[in-house]
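The values are calculated or read from the model by the stated rules, or taken from the named source; none is laboratory data. Just so you know, these numbers come straight off a predicted model, no measurement behind them. Every residue, glycine among them, receives a Cβ derived from its backbone with ideal geometry; neighbour counts consider all protein chains shown.
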């Protein structure tokens, strides 16, 4: 098993990240004590295998996973909260609608650098189409072969190892703590055959609106 932790150095020969896993810890800055406690110890794990990707967000509130195949355009979301298990299916058009605010993000490098998980990282400022800005530290030593694994970083010239996400008055900081280059089982990207209430993306939107 090949594991790179905080104390190890990066493998300079490794350029294309085609398969493996990324483990991020999540820190939250907010005045809302309830939200802060709910996210205490939260993690985000990303699995990548060719054109397939899976992101698992785990917190005290529950688990949410997004599984995507950029080749076929198929995607589904698994949500497990308060004993409820829901699977939401998305078409390629649904994904484009869901991600439309992230499709034209630009990045501009600064002079700031730092070491994250043993990798020398450059700081870049991301800017969305609506003018929202955020900070990311990335390593140019690893280039994701599947740029669609996270639409936010599609235009980033490297792998994001630390980044911010702002939601209302809350700021989340994702920091990579472990990366592996081990083969990922294909079963990780299979949709469950039972145990979940299944609905489409459009049905889920209507449910949220109370229709």
(message) Conditions first: (1) part of a helix (DSSP H, G or I); (2) in contact with a helix residue (DSSP H, G or I) (Cβ under 9 Å, 6 or more places away or on another chain); (3) closer than 28 Å to residue 84 by Cα. Residue 188 passes all but one, so which condition is the exception?
(response) (2)
(message) What's the number of the only condition in (1) under 23 Å from residue 72 (Cα atoms); (2) surrounded by fewer than 18 Cβ atoms within 10 Å (Cβ to Cβ) that residue 201 fails to meet?
(response) (2)
(request) Please go through segment 82-114 and pick out each residue that is in a helix (DSSP H, G or I), closer than 26 Å to residue 193 by Cα and in contact (Cβ under 8 Å) with a residue 40 or more places away in the chain. (result) 94, 98
(request) Determine which single condition residue 121 fails, assuming it passes every other condition in (1) out of contact with any helix residue (DSSP H, G or I) (no Cβ under 8 Å at 6 or more places or on another chain); (2) surrounded by fewer than 19 Cβ atoms within 10 Å (Cβ to Cβ). (result) (2)
(message) Looking at 81, 137 in this structure, which one is surrounded by 18 or more Cβ atoms within 10 Å (Cβ to Cβ) and either on the phi < 0 side of the Ramachandran plot or within 18 Å of the chain's Cα centre (by Cα) (or both)?
(response) 137
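Residue-wise test of (1) under 26 Å from residue 96 (Cβ atoms); (2) in a loop (DSSP other than H, G, I, E, B); (3) in contact (Cβ under 8 Å) with a residue 12 or more places away in the chain.
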residue: 41; (1), (2), (3): no, yes, yes
residue: 44; (1), (2), (3): yes, no, yes
residue: 48; (1), (2), (3): yes, no, yes
residue: 53; (1), (2), (3): yes, no, yes
residue: 56; (1), (2), (3): yes, no, yes
residue: 64; (1), (2), (3): yes, no, yes
residue: 68; (1), (2), (3): yes, no, yes
residue: 73; (1), (2), (3): yes, yes, yes
residue: 77; (1), (2), (3): yes, no, yes
(request) Count, please, the residues in segment 70-88 that happen to be modelled with pLDDT of 95 or more and out of contact with any helix residue (DSSP H, G or I) (no Cβ under 7 Å at 6 or more places or on another chain). (result) 8
